[in-house]
Amino acid sequence: MTRPKDILLVTGMSGAGKSTVLKTLEDLGWEVVDNLPLLLLDRLLDAPLPEGSTDDSRPLAIGIGARTRDFDPERIIRRIRDLRDRHGLEVGILFLDCSGSELERRYSETRRRHPLALDRPANDGIGRERELLAPLRDWANRLIDTTDMAANELAQQIRTSFGGDDLGEPTLSIRSFGFARGLPRNADLVFDMRFLRNPHWDAALRPGTGLDADVSAYIIEDPAYEAAVSRIEELLMLLLPRYRAEGKSYVTVAFGCTGGRHRSVHVADRVARRLRDAGFSPSIVHRDLGAAPQDALEGSPVVL
């Protein structure tokens, strides 16, 4: 009998992205089983490899959630301890979390019913499920909050984290955002770019973004620009290897300006390119790039 070297239980809030994670892991070559009753776990682990398969070290991902038959978080935790202590198997738990308001929005858009509230508002089921899953969330050794993530962003994070040789590398994300629309979730480092000259107040530049050459040139001309941004880059070069050495799984660096369309976008793009040149593999997301420019968000122009 040959058992997989790595086992990952994927669980979390319904609607938080479990299907996306399992599909991505399957694409990466993992064996994936969803909604497996706990009583059948030993039978699965003892089963022979599929016909024609010669890879006996393929990692195994098991999707478990509130819809799984005989679902009991406390029993799952006891079973994981047993697999580790008695059988020497490495079992991890990935918990997918999401804010209640975002889950309600997703259920409303898809017109799906929450599995724990088939005849009641989705919010009732979300609250009940959060209570039910609390022990697993506390026990999990990996947690991803998907509130502000599109499905492709979640898939990219899973590919980076579980793609094989780079498993030990932290998942590095660079984000731009607008303070007027709130701070991004899960940001480890936040840099405020509102000290730079604002292209919004140039009528010719306002419709553009920080990815446009003329907007970038305008920002670069700020006397404080090069000294500030180069020092931020130096700081990241110092910190990122330390995060890796400490075993940090995810590092998110966020750059903000007022509206999230010009200064933060330009600086995030520059820093991401600098990190790639240094051998890092950051993903980049411009959260508010598609937002319409509004004078009310930007405040009054400052004359220097």
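The values are calculated or read from the model by the stated rules, or taken from the named source; none is laboratory data. Quick caveat, the model's predicted, so the values are computed rather than measured. Only protein heavy atoms, including side chains, enter the accessible area calculation; ligands, DNA and RNA are left aside. Shrake-Rupley method; radii C 1.70, N 1.55, O 1.52, S 1.80 Å.
Ignoring ligands, DNA and RNA, what accessible area per residue does the chain give at 1.4 Å, in Å²?
Roughly 52 Å² per residue, with all protein chains present.
Relative contact order for the stretch 160-254: what is it in percent, counting Cα pairs under 8 Å that are at least 6 residues apart?
Dividing the mean separation by the residue count of the stretch 160-254 yields 52 percent.
With the contact rule set at Cα under 8 Å and sequence spacing of 6 or more, what percent relative contact order holds for the chain?
This gives 19 percent for the chain.
Compute the Cα gyration tensor for the stretch 163-279, then decide on rounded, prolate or oblate, letting a ≥ b ≥ c be the square roots of its eigenvalues: rounded whenever a/c is under 1.5, prolate when a/b is larger than b/c in the other cases, and oblate in all that remain.
prolate
Summing -39500 (n - 2.57) over the DSSP H runs of n ≥ 4 in the chain and dividing by its residue number, what mean residue ellipticity at 222 nm do you reach, to the nearest 500 deg cm²/dmol?
Here the helix-only value at 222 nm equals -12500 deg cm²/dmol.
So what does the Cα-only Debye profile of the chain read at q = 0.12, 0.15, 0.16 Å⁻¹, as log10 I(q)/I(0), no solvent term?
Here log10 of I(q) over I(0) equals -0.89, -1.17, -1.25.
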